[in-house]
Amino acid sequence: MKKRIFVTATNTDIGKTYTTSLLLKAFTAKGVRVGAVKLMETGVVQNAPDATLLLKILKECNKEFEDVDVSQIVPITYELPAAPYIASGKKTVDLDLLTRTIETIEKKCDLLIIEGAGGLYVPLDSQYMMIDMIKYFKATALLVTHCSLGCINDTLLSEKALQRENIDYLSVFNCKGNEESFSKVSEPYFIDTRENILKVDDDIDTICDVLYNL
């Protein structure tokens, strides 16, 4: 099995695809043959925008993806922008399809980045949550969190969930222009309670190094 990194977040619209894009470019610059899969994407009417962006970057980073189609990057799509449990009409998630997709893409890479949908406790069906996919596919988790007011609570809750499941993880902050606010209202807590504060835009090379060795 190749090295697998599962990009998740404290909620939706936190920056999973943005972070995955930076990881693909940074790992490529380090000489790593990369691949990516987005397990499922909701809110898809015609094209899957997140998966389309990832495939564009993959084709720039790894020539083995030149003839790959978007459907091979995102095997499951739904039109309704909702949790997969709801968007699918309460259908059982097709784990065999997801597994086949991952195994096919891994033939083209040495390190696979798997991007989730929403946060850790987004329901996929009546049995599985997104967090279950991290364990199911034996991946290391990258938890992307925001820098707005409330990020302390959101970050700690998600980290506790990962810890309960004994999942190896790294937490990183995607500030999206909220750097000044973060430094005043939230960052002091993290400075006092952890050794390193890694930010997506500033520390992507370090993030890659840490993830590769987890």
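The values are calculated or read from the model by the stated rules, or taken from the named source; none is laboratory data. Predicted model only: the values in this text are computed from it and were never measured. Cβ atoms come from the backbone with ideal geometry, glycine included; neighbour counts cover every protein chain shown.
Below is a table of values for the structure above.
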read-out	value
Of all residues in the range 50-106 being polar (S, T, N, Q) and out of contact with any strand residue (DSSP E or B) (no Cβ under 7 Å at 6 or more places or on another chain), the one that is nearest to F137 (Cα to Cα)	T99
Considering residues of the range 82-100 that are in a loop (DSSP other than H, G, I, E, B) and under 18 Å from the mean Cα position of the chain (by Cα) only, the residue surrounded by the most Cβ atoms within 10 Å (Cβ to Cβ)	A83
In the range 41-66, residue surrounded by the fewest Cβ atoms within 10 Å (Cβ to Cβ) [restricted to those that are touching a Lys or Arg at 6+ places or on another chain (Cβ under 9 Å) and outside any helix (DSSP H, G or I)]	E66
Residues located in the range 68-81, provided they are loosely packed, with under 13 Cβ neighbours inside 10 Å and in contact with a Lys or Arg (Cβ under 9 Å, 6 or more places away or on another chain)	none
Flag for A26 being closer than 25 Å to Y136 by Cβ, of a type outside the set (D, E, K, R) and outside any strand (DSSP E or B)	no
Hits in the range 203-214 - residues which are in a helix (DSSP H, G or I) and either modelled with pLDDT under 95 or not β-branched (V, I, T) (or both)	D205, C208, D209, L211, Y212, N213
Matching residues, the range 13-37, being in contact with a Pro (Cβ under 9 Å, 6 or more places away or on another chain) and of a type outside the set (A, V, I, L, M, F, W, C)	T17
Candidates K3, K16, filtered to the one that is more than 17 Å from T101 (Cα to Cα) and either in contact (Cβ under 8 Å) with a residue 12 or more places away in the chain or touching a helix residue (DSSP H, G or I) at 6+ places or on another chain (Cβ under 6 Å) (or both)	K16
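Conditions (1) touching a helix residue (DSSP H, G or I) at 6+ places or on another chain (Cβ under 7 Å); (2) of a type in the set (K, R), marked per residue:
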{"residue": "A26", "(1), (2)": "yes, no"}
{"residue": "A29", "(1), (2)": "no, no"}
{"residue": "T42", "(1), (2)": "yes, no"}
{"residue": "D50", "(1), (2)": "yes, no"}
{"residue": "E66", "(1), (2)": "yes, no"}
{"residue": "L80", "(1), (2)": "yes, no"}
{"residue": "A87", "(1), (2)": "no, no"}
{"residue": "L97", "(1), (2)": "no, no"}
{"residue": "R100", "(1), (2)": "no, yes"}
